Amino acid sequence: MYTMQAVLGDITKMNVDAIVNAANRSLLGGGGVDGAIHRAAGPRLLKECRRLRGCNTGDAKTTKGYDLPAKYVIHTVGPIWQGGSANEEVLLKQCYLSCLAQAVEKDVRSIAFPAISCGVYRFPVEIAVRIAVSTVEAFMRRNDGLIALKEVYFVCFDEAMYQKYSERVNDK
Ligand code: ADP
């Protein structure tokens, strides 16, 4: 059995084993959720990120969480929306799958995702939410009972995003 839940709040405050960062390809920090995570984790996070030498769009790499409540940060790089014909939907799905693979590898029990690509990368929210929920749901169903991961949170930074996720996530 597993649970999937939409929550309203700040991902840096989540008491979970791993939080996901919507990073850029340099992994050297940016604005939005990335900036918030680096501020809350402290300077040791950037130091470890420098050693990773970046990350391709759709991939994910894991660091420690340092000063965060979370033990790990899984850094993924979402696609920049370019109108929809640049493989954006496939790449966004790949982000979620890459993060889940990292979570399984680290044996995490709980994970929190932000709305990857929905900020400065301008992915249309309706499509992004559908991809996020359907990809994670299918993965959890397929692996039910086979992995340590049991709790998934979609952390929404504003009410409008929370409404969108709530429409699709049914707590089980
Ligand atoms: P991207 O570059 O992938 O679009 P952003 O950080 O610009 O990433 O935005 C991704 C989503 O994260 C947006 O919906 C934004 O509102 C949200 N966000 C920003 N700060 C936080 C935070 N501290 N916790 C959770 N979500 C956040």
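For Met4, the amide hydrogen comes within under 5 Å of the amide hydrogens of Val152, Lys172, counting only partners 5 or more places away or on other chains and with H modelled in the peptide plane.
Residues whose amide H falls under 5 Å from that of Asp59, counting only those 5 or more places apart or on a different chain, are Val77, with hydrogens built in the peptide plane. If you wrap the Cα atoms of the chain in a convex hull and average its projected area over all directions, you get 8.6 nm².
In order along segment 94-109, phi translates into HN-Hα couplings of 4, 4, 5, 5, 5, 5, 5, 5, 5, 4, 5, 4, 8, 6, 6, 9 Hz, rounded to whole numbers, per the Karplus curve 6.51 cos²θ - 1.76 cosθ + 1.60 with θ = phi - 60° and x for Gly and Pro. Across Arg39, Arg50, Arg142, mean-square fluctuation computed from a Gaussian network of the chain (C-alpha pairs under 10 Å connected) peaks at Arg142. Taking all Cα pairs closer than 8 Å and separated by 6 or more residues, the relative contact order of the chain comes to 33 percent.
How big is D for segment 77-167, in µm² s⁻¹ as a whole number, if Stokes-Einstein is applied with the Kirkwood radius of its Cα pairs at 37 °C and 0.692 mPa s? Present the calculation step by step, with values, prior to reporting the outcome.
Details: Rh = 13.6 Å.
It comes out at roughly 241 µm²/s.
Rank Ser85, Val133, Leu146 by how far each Cα sits towards the positive end of the charge dipole of the chain (+1 on Lys, Arg Cβ; -1 on Asp, Glu Cβ) and give me just the farthest. Value computed over the given set: Leu146. For Cys156, nonlocal amide neighbours, meaning residues 5 or more places apart or on other chains whose placed amide H falls under 5 Å from its own, are Val7, Leu8, Gly9.
Computed from backbone phi, the HN-Hα couplings of segment 75-85 come to 8, 10, 10, x, x, 7, 5, 10, x, x, 10 Hz, rounded to whole numbers (Karplus: 6.51 cos²θ - 1.76 cosθ + 1.60, θ = phi - 60°; Gly and Pro given as x).
Only bridges with both residues in segment 1-97 count here: give the DSSP antiparallel percent, nearest 5. Please list the in-between numbers first.
On the way: 5 of 11 bridges.
Of all bridge pairs located within segment 1-97, approximately 45 percent are antiparallel.
Only Lys, Arg, Asp and Glu carry charge here, each on its Cβ (+1 for the first two, -1 for the last two); on that basis segment 7-132 has a dipole of about 440 debye about its Cα centre. 3J(HN,Hα) along segment 29-41, derived from phi through the Karplus expression 6.51 cos²θ - 1.76 cosθ + 1.60 where θ = phi - 60°, amounts to x, x, x, x, 5, 4, x, 5, 5, 5, 4, 6, 7 Hz, with x in place of Gly and Pro. Separation of segment 107-123 from segment 1-25 is 7 Å, based on Cα centroids.
All of the numbers you see were taken from the coordinates with simple rules; none came from a lab. Predicted model, so just to flag it, every value in this text is computed and none were measured. Glycine gets a Cβ as well: all are built from the backbone with ideal geometry, and neighbour counts include every protein chain shown.
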